[in-house]
Amino acid sequence: MEKLLSLTRRLTARRDMDSLLQELLDGSTALIPGADFVCVFLYRPDLNALVPVGGIGFDLGILSQIQLKPGESMTGKAFVEGRPLLLPSPEVIREAQANLSPDHDRAVRRAVGRPDNPVRSSLAVPMATDDRILGVLVIDNYDTDRDFTTVDLAVATSLADHAAVAVLNAEEYQAVQTLSQELQRTMTVQHRLLSSMMSSHGSLENLLRSLWRTIRRPFRLLEANGEVVAERGALAQPASFAVMAGQEHLGELQVSGPVHGFERLAVEQALPLIALEFLKEAARRQERLHAQAEAFRRIWDRDYGAVDALLQQYGLHQGHPRMALISGPPPTIVGRLTRMKDVPVMQRSQDLLLLVSDETWPRIRAMVDADTPVILGWPLDDSHDLRSEFAGLLLLLEAARRLGYPRLHGEVRLSEFPEMTLIAAVPGPVRRWFCDAVLSPLAGECELFETIKVWVFADRSYERTAAVMHTHPNTIRYRVDKARRRWGQPWDDRTAALLRWAFLAELDADL
């Protein structure tokens, strides 16, 4: 980041085009690993074309023969669309280059000295100011065994933005004196922002604090899903600025408008830095969630040493930890819970598994809508019991989804269904033997099997069973009587309990 700051300072200080181009080219190769080809194309209104004016990795004498029309090749597309492009593979590059004229294609191949033009990945970034696109910065990777990323694109975008301002300085020195002074002030802010990004904690918070001190306008920062990340003041007539990393929309910065001049320039220079912070936080979150998911697997595998280490890490070793399962929470809640750093979380398909304490659970419960299905374990004195509680939660959820028992609406407690933990703790071979022993009279009769399964979990109600199976209650009575004759004994409470346990034992609830 210090290199980027130093380069952008030098760029905005240049007054002659040659030294400006050299700074931009040197900076691109230094800050973006794998930049084997770097070329600056400037737009010539008199030709209505983009012409190469300098670069490295090619013969400029040959490449200067081409004049790309707006929209031609990836360079022309970036110019017309006014947005940075990341082309991560040869296939995507070939598609973007499909409309490159044959003469220009041959000139490019001769200029780079590579008849096959084997580009691995490319960046094409407009050099733009508020109201003009001055040209395009193109960076190609030929030889380095590394494909460009969204972080590289963010760095290239920052370089191109500052280079655009520097081009204006070089071409219209007198006309942009005021803008140059504002840029210098903005670079002071950017220095603070870049410095804050070097910290592993609170980088985004410090960055936004610096932005607030600079523009003194209310703003709101949102993630792509609409979740509010930060907010200062009350917005009025907000102007929206997209937070982008290449073509990926990461979020939105809303600032009380109208936003012009120095304030707008400060906001636009902050945007790529905010994008980098979003990318860093996303990477940290993914790493944290991966480690937490591995910890949950250790619980499942009864690795009690790892379990004790997990409890120590999150301060749960002195209390009474318990497992919790939230079924199908909305994306906004998933985002808020997975951002929590003091609660181990594992995402399992559409569900969230959590390890909570008496202190953290009320805070989490308050985030979740009262109607969202939640299964809460009981406080444990011994961490070795976490595995049994874990298995009980999963079995209860599987039973609710496949058997309709229990009906999940709002919060239920595992302690209300002790048979779940008991059955989940039985070894698989024993469970299969028990199922075969109890359900063998119904073997080969799929219709009877499904009817009795629904019937016992519908409190042996013929009407409720008929409603579930879309048939008449008398049909259910007939099937139940037929099954009873196969059993050869009354359908009393003991039989119903055996059947219910057997159907539960049949479920495969696994991590």
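The values are calculated or read from the model by the stated rules, or taken from the named source; none is laboratory data. These figures come from a predicted structure and were not determined experimentally. Positions of Cβ are generated from backbone atoms using ideal geometry, with glycine treated the same way; all protein chains shown enter the neighbour counts.
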In the stretch 353-364, the residues that are in contact (Cβ under 8 Å) with a residue 12 or more places away in the chain and out of contact with any Leu (no Cβ under 6 Å at 6 or more places or on another chain): Leu354, Leu355, Val356, Asp358, Glu359, Thr360, Trp361, Ile364
Residue under evaluation Gly57, criteria (1) closer than 18 Å to Ala128 by Cβ; (2) touching a residue at least 60 places away in the same chain (Cβ under 8 Å); (3) not aromatic (Phe, Trp, Tyr), criterion not met: (1)
Filter result (touching a residue at least 40 places away in the same chain (Cβ under 8 Å) and of a type in the set (A, V, I, L, M)) within the stretch 487-503: Ala496, Leu498, Leu499, Ala502
Residue that is nearest to the chain's Cα centre (by Cα), among those in the stretch 321-332 that are at pLDDT 85 or above and not small (Gly, Ala, Ser): Pro330
Total residues in the stretch 288-320, condition in contact with a helix residue (DSSP H, G or I) (Cβ under 6 Å, 6 or more places away or on another chain) and outside any helix (DSSP H, G or I): 2
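From the list Ala13, Ala35, pick out the single residue that is in the same structural domain as Thr149 (by TED's automatic domain parsing), at negative phi, at pLDDT below 90 and under 28 Å from the mean Cα position of the chain (by Cα). Write out each step before concluding.
Details: Ala13 fails: under 28 Å from the mean Cα position of the chain (by Cα).
Only one candidate passes the filter, namely Ala35.
Residues are listed down the side, and each one gets a yes or a no for (1) closer than 14 Å to Val38 by Cα; (2) touching a Leu at 6+ places or on another chain (Cβ under 7 Å); (3) assigned to a loop (DSSP other than H, G, I, E, B); (4) among the acidic types (Asp, Glu):
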site	(1), (2), (3), (4)
Glu91	no, no, no, yes
Leu100	no, no, yes, no
Arg106	no, no, no, no
Asp143	yes, no, yes, yes
Arg146	no, no, yes, no
Leu153	yes, yes, no, no
Asp161	no, no, no, yes
Ala164	no, yes, no, no
The stretch 472-511: number of residues that are over 46 Å from the mean Cα position of the chain (by Cα) and not in a helix (DSSP H, G or I): 6
One residue from Glu223, Glu252, Glu182, Glu277 being of a type in the set (Asp, Glu) and at pLDDT below 85: Glu182
